[in-house]
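What follows is a single structure, written as structure tokens, with notes after it.
The values are calculated or read from the model by the stated rules, or taken from the named source; none is laboratory data. What you see is a predicted model; the values in this text were computed from it and never measured. Neighbour counts run over all protein chains shown; Cβ positions are idealised from the backbone, glycine included.
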Amino acid sequence: MSNFDFWDTYERIVGHDYMCHREITLAYGEVLRRSRTHSVLDLGCGDASVFVRASRGLPVAHYRGVDQSEDAIGRAERHLSLSGDVPFDLVCRDLMGFVENHRGARYTDIVLGYVLHHFSLPEKRKVLHRCRELMESEGTLFLFDVARRAGETSYAAYHERLCREIDGNWDGLSIDERSVVKEHIRQWDFPEGVDETRKLIEEAGFEKVSLRFRDAAEFYVVFAATRG
């Protein structure tokens, strides 16, 4: 399946709400409404659709999205241009390279959306530490991701449970699409548990870490935290 096909499939996943994007968007909107005018850094921005929906009518001074996929960046540009609400720029670069080398600008809000689980544990720590360094005082981290359930001690156990969920309930995708998604999960998904994710955020120096959402099937999680 080509990268273009992957993003078509992902849009169908979002449309069917298989990964709880509606709840994520609501939680993100609540976080944005709590505070001042925003400058947003969206790491792993994808097509920027979560930000576009969550930020409608809110005071966002500037949005910067970063993603390594040229296709995702193209889709993000279209979504942001059509919304017309927010000045933006987009960077096509791998997340780790961006956070390690970015200097200068600081942001009131940093988003990590369905991306941290692609990294090893040391890399997750590095990304979160750099997020804090790139954030203004009292800024907000908004993190949504996959997470293992309590007692799920291996990535493989999580992979198999989520793959069973896809086979049983993601009937809005074709068999081929489900196969590609499952292969992606087995190759690239390395999620921590909920408590472990909270600890990583706290160890990076963030405060007021709050769990904003956990789905009933215990696949997805949303955290918000502030830079002390």
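Results, tabulated for the structure shown:
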{"quantity": "Out of ASP176, ASP145, ASP171, ASP215, sole residue that is of a type outside the set (A, V, I, L, M, F, W, C), closer than 23 Å to ILE13 by Cα and in contact with a helix residue (DSSP H, G or I) (Cβ under 6 Å, 6 or more places away or on another chain)", "calculated": "ASP145"}
{"quantity": "Counted residues, segment 81-97 - those being crowded, with 20+ Cβ neighbours inside 10 Å and more than 17 Å from the chain's Cα centre (by Cα)", "calculated": "1"}
{"quantity": "Output for segment 152-176, where each listed residue is closer than 18 Å to ASP17 by Cβ, within 21 Å of the chain's Cα centre (by Cα) and in a helix (DSSP H, G or I)", "calculated": "LEU162, GLU165, ILE166"}
{"quantity": "Scan of segment 30-77 for residues that are more than 20 Å from ARG130 (Cα to Cα), touching a residue at least 40 places away in the same chain (Cβ under 8 Å), crowded, with 16+ Cβ neighbours inside 10 Å and of a type in the set (Asp, Glu), ordered by number", "calculated": "ASP47, ASP71"}
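Residue-by-condition table, conditions (1) crowded, with 17+ Cβ neighbours inside 10 Å; (2) more than 27 Å from TYR10 (Cα to Cα); (3) at pLDDT 95 or above:
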site	(1), (2), (3)
GLY113	yes, no, yes
LYS124	yes, no, yes
GLU136	no, yes, no
LEU141	yes, no, yes
TYR155	no, no, yes
GLU160	no, no, yes
ILE166	yes, no, yes
LYS182	yes, no, yes
GLY193	yes, no, yes
